[in-house]
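J.: Can you keep this structure in mind? I'll have questions shortly.
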Amino acid sequence: MLDTKDDGFEWDEYEQGLVLGAFFWLHWLTQVPGGVLARKYGTKLVFGVANAVGCWLCFLMPLASYLDYRILIFLRAFQGLICGVSWPAMHHMAGQWIPPNERSKFVTAYLGSSVGVALFFPLFGYIISWTSWEYVFHFCGIFGTIWYVAWLYFVYDSPAEHPRIHPKEREYIESSLGITEKSKEQEREERTPWMKMIFSKAMWMTVIAQWAGIWGLFTVMTQAPSYFNYIHGWDVKMTGILSGIPHLCRMVFAYFFSMVGDYLLRRNLMSRTNVRKMGGAMCCLVNGLFVVALAYSGCDSTSAIVFLTLATMVHGAVSTGPLANIIDMSPKYAGILLGISGMITVVPGFVSPILVGILTLGNQTVKQWEYVFLITAGMLIVGGILYTLFADATLQPWNTGGTEDAQDARELVSLKLDVEQAMLEKEREASEMVQEAVTAELADDGDCRSEDPIGAVLAR
């Protein structure tokens with residue numbers, strides 16, 4: 001997996017699988033605490049510190065690799081433990097900032113990891129070929145530090161805390177989310193409905209879809225370099241470039257798909273649940289079909305990269321499907337819900353690399369990789385079918401202490417704001433047309449009334 005300047009480390013496929021999967025061994029432990037901590041201390045602190053520490057640990061990775069691969073495994077496991085709080089914390093912030101009909105597009109920003117892979121995988125390939133692999137980890141540590149400084153300056157936990165937000169924007173966000181001073185006081189006094197969340201069918205459908213999608217994404221994402229190296233004989237530079245392209249496509253697809261989803265919601269062309277099911281079907285079902293095609297691509301490297309790119313690309317619909325669904329069902333407890341989901345769906349992150357290591361240990365053949373991809377496709381297709389049949393994106397009663405009509409009220413507020421905005425735009429257009437007509441008429445007259453255009457029209 002990792003090369004030294006000379007002959008590389010003597011790690012077999014099983015040991016490489018342990019190193020790759022170690023990040024996720026303890027990652028699940030801090031998923032739920034991430035959501036709880038974000039509710040208490042804010043996403044700015046929890047998400048920021050977790051990611052910064054995760055990046056700083058990269059500085060120690062090269063030294064650990066030279067000392068013993070087991071030390072590297074320990075570092076990777078600790079890194080995963082710290083970073084486990086990140087995304088549940090971010091989901092809590094999304095529930096405080098994002099109006100219901102804009103969530104798909106915002107959650108797409110979570111897929112910034114795909115942009116990172118697309119940009120830096122090729123760069124890392126060149127860094128390794130030009131200098132040494134150690135500089136890849138140093139780069140990550142330095143870049144993460146720069147990001148953390150920017151995070152501290154630009155990010156705030158809620159519109160009310162942001163010192164530079166426009167009052168109209170703050171009013172629009174808080175109104176669409178039903179946030180008032182009274183609701184803030186009630187939220188501080190409410191107890192978390194743990195049992196209702198755990199036994200929620202809607203929550204478990206998102207867990208199933210997330211499990212399937214993460215199994216597919218992580219298998220493809222972490223194993224693509226090894227697959228193209230062993231089966232298609234590509235060097236590290238070519239592997240880096242072609243491993244990055246699918247993730248760039250994933251981000252672009254996610255952005256445009258989320259715009260479609262939000263448009264359907266704003267225009268009331270499709271229910272919120274059906275929009276989420278559409279996203280789930282794309283990121284799981286369609287994804288699974290492309291992985292089946294990848295499994296049977298054999299030695300055809302062109303077909304392999306095409307189907308791998310398509311499979312990775314359509315997973316971007318997860319931001320319009322299961323990820324946004326979690327916020328829909330409970331904006332108040334979105335961080336905790338994602339924590340529960342993440343605690344379970346993190347399992348594929350370490351099981352998949354170990355399984356791949358077992359299947360391909362000393363047997364790097366097309367047939368063995370076919371088994372790897374068929375198992376992955378099975379996970380995706382089964383998960384996609386279940387989610388499409390049983391998903392539910394309506395606001396759950398336990399989010400508001402049993403108020404069933406809260407979702408309708410919130411959507412009516414959001415719709416009212418959309419209508420008001422559309423009316424203002426129409427009024428502005430009409431005003432501009434009148435002004436143009438007045439200007440044109442006065443230009444023909446050429447008298448002194450041009451100093452007062454409105455008065456000139458009234459005088460007529």
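J.: Taking region 357-405 as the region of interest, how many residues are of a type outside the set (S, T, N, Q), in contact with an Asp or Glu (Cβ under 9 Å, 6 or more places away or on another chain) and open to solvent by less than 10 Å² (accessible area, probe 1.4 Å)?
T.: Residues in region 357-405 being of a type outside the set (S, T, N, Q), in contact with an Asp or Glu (Cβ under 9 Å, 6 or more places away or on another chain) and open to solvent by less than 10 Å² (accessible area, probe 1.4 Å): 2 in total.
J.: A further question follows. Could you list, in sequence order, all residues of region 62-86 that are of a type in the set (A, V, I, L, M, F, W, C) and either out of contact with any Leu (no Cβ under 8 Å at 6 or more places or on another chain) or crowded, with 22+ Cβ neighbours inside 10 Å (or both)?
T.: LEU63, LEU67, ILE71, LEU72, PHE74, CYS83, VAL85
J.: Can you pull out the residues in region 26-47 that are aromatic (Phe, Trp, Tyr) and surrounded by 23 or more Cβ atoms within 10 Å (Cβ to Cβ)?
T.: Result: PHE47, single match.
J.: Taking region 119-167 as the region of interest, how many residues are modelled with pLDDT under 90 and under 24 Å from LEU67 (Cβ atoms)?
T.: Adding up the residues that qualify gives 6.
J.: Can you find, within region 148-180, the residue that is farthest from MET93 (Cα to Cα) among those that are surrounded by 14 or more Cβ atoms within 10 Å (Cβ to Cβ) and charged (D, E, K, R)?
T.: ARG170
J.: Sticking with this one: SER319: surrounded by fewer than 18 Cβ atoms within 10 Å (Cβ to Cβ) and of a type in the set (S, T, N, Q), yes or no?
T.: no
J.: Show me the helices (runs of 4 or more DSSP H) entirely contained within region 195-293 in which 2 or more residues are within 18 Å of THR388 (Cα to Cα) and open to solvent by 50 Å² or more (accessible area, probe 1.4 Å).
T.: Passing ranges, in order: 201-230, 272-280.
The values are calculated or read from the model by the stated rules, or taken from the named source; none is laboratory data. Just so we're clear, the structure is a prediction, and the values are computed from it rather than from any experiment. In this analysis, Cβ positions are derived from the backbone assuming ideal geometry, glycine residues included, and neighbour counts consider all displayed protein chains. Quick note on the areas: whole protein, heavy atoms, side chains included, nothing else; ligands and nucleic acids left out. Shrake-Rupley method; radii C 1.70, N 1.55, O 1.52, S 1.80 Å.
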